[in-house]
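Readers should treat all values here as calculations from the given coordinates under stated rules, not as data from a laboratory. Because the structure is a prediction, the values reported are computed rather than measured. Virtual Cβ from ideal backbone geometry, glycine too; neighbours counted across all protein chains shown.
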Amino acid sequence: MRIGIIGYGSVGSALHQLIYEKAWEFKNKYGLVLQVVFVCDRSGCVYKEGGINPAETLSVKKSLKTLSAGFNVEPVLDTIKKGVVDVVVECTPANFVNAEPAYTHILEALKNGSNVITTNKGPMALYMPTILEEAYSRGLVVLYSGTVGGGTPFIYFADKALKGNKIKSLRGILNGTSNFILSKIINEGSSLEEALNEAKKLGIAEADPTLDLNGTDSAAKLVILLNHVFEDKYTLKDVEISGLEKGIPKVDSHHTVKLIASSTPNPHVSLEIIPKDDPLNIDGTYNAVEFEVEELGSVYLIGKGAGGRETAGAVLRDLVELKNRLQVQYLRKWYSHIL
């Protein structure tokens, strides 16, 4: 399987290294021969027909900051339009205004015959129905498990572990940064400024954490989960969003405050006061989702919500899923031909 990686930050670079490290395992366990033939950052793409050893590109990226400082690069769209890969992995930073440039990257990949795996929440939060319809019309696959929960498989848990069960609703903590900050404020009496500064020092918070704190990041993940689980066609504008900007309510010793994303009664993200014995009372950077299942009651999944290597691990999971889906497509075509 020939792979192109767009976005060579913490996720893209970790993915390239993991593919190299796990080449033997994937070949022997899954029958997958993975080969990265192009990698791209903002400066352009490095393309090598015979594959790229991550040691070459990672050393340049680390020491010189851009791929163009050590390689001859070509424009990203020109590389995508070559149609030389089986799958384009889009892992550039999210843009919740217009989802660019990732939205164009994804559409161009599909138009040129490549399947897509994305960890970028922007296109899926704003244009998920359009993207999936485009892929379907071309007989291609778009996978996105790394957009929600990092390496924790919330999406696959819903449609594989709970297959055959009816999920009635869901709610959860979908942003590790805001959860870390709320934990510090409620449990240790820190101020918002103190908790935010600590989060930045630990690398938990971005330089500008606005989208984490105002609920936008959680809302984007909620949209993706709802569309996937309930086959809806929500976009980010359909979610009512409020976050920490309006102040954090005071609570007694038996309760705490969490930023909760919920499907009911209408999709929304807001601060909620919950009992301390609620399973969603998790601390630090963890994410958690409660699935309300008709046959089972409440089912919970908890795990780390972010991290470059963890999210890259979600892409590996998607690569295996892609191989399985392509195999099913091939068998269907083969059977229809002989019958």
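Taking every alpha-carbon pair under 8 Å whose residues sit at least 6 apart, the chain reaches a relative contact order of 18 percent. For the chain, hydrophobic long helices are taken as DSSP H runs at least 18 Å long by C-alpha position along their axis with mean Kyte-Doolittle hydropathy of 0.0 or more; these are 121-137, 216-230. Could you compute how fast the chain diffuses translationally, taking Rh as the Kirkwood radius over C-alpha pairs and applying Stokes-Einstein at 10 °C with viscosity 1.306 mPa s? Give it in µm² per second. Stokes-Einstein gives a translational diffusion coefficient of 76 µm²/s. Note down the Stokes-Einstein diffusion coefficient of the range 215-339 in µm²/s, whole number, using a Kirkwood radius over alpha carbon pairs, 37 °C, and 0.692 mPa s. Using the Kirkwood radius from Cα pairs, D works out to 188 µm²/s. Inter-label distance, VAL328 to ALA55: 4.0 nm, where each label sits 7 Å from its Cα along the C-beta direction.
Rank by packing, highest mean first: peptides 210-219, 29-38, 273-282, with packing defined as the count of other Cβ atoms within 10 Å averaged across residues.
Ranked by mean Cβ neighbours within 10 Å, highest first: 210-219, 29-38, 273-282.
Charged neighbours of HIS255, selected by a Cβ distance under 13 Å, balance to -1 (K, R count +1; D, E count -1). Volume per residue for the range 186-245 equals 113 cubic angstrom (convex hull of Cα atoms). For the chain, the list of Cys residues with no other Cys C-beta under 4.7 Å reads CYS91. Relative to its residue count, the range 154-304 spans a Cα convex hull of 108 Å³ per residue.
For LYS184, the lysines whose Cα falls under 26 Å of its own Cα, not counting residues fewer than eight places away in the same chain, are LYS200, LYS201, LYS221, LYS246, LYS250, LYS258, LYS276, LYS304.
Taken about its Cα centre, the chain carries a charge dipole of about 1120 debye when Lys and Arg each add +1 at the Cβ and Asp and Glu each add -1 at the Cβ. Calculate the tail of P(r) for the range 20-139: the fraction of all Cα-Cα distances greater than 26 Å, expressed in %. That fraction is 25 percent.
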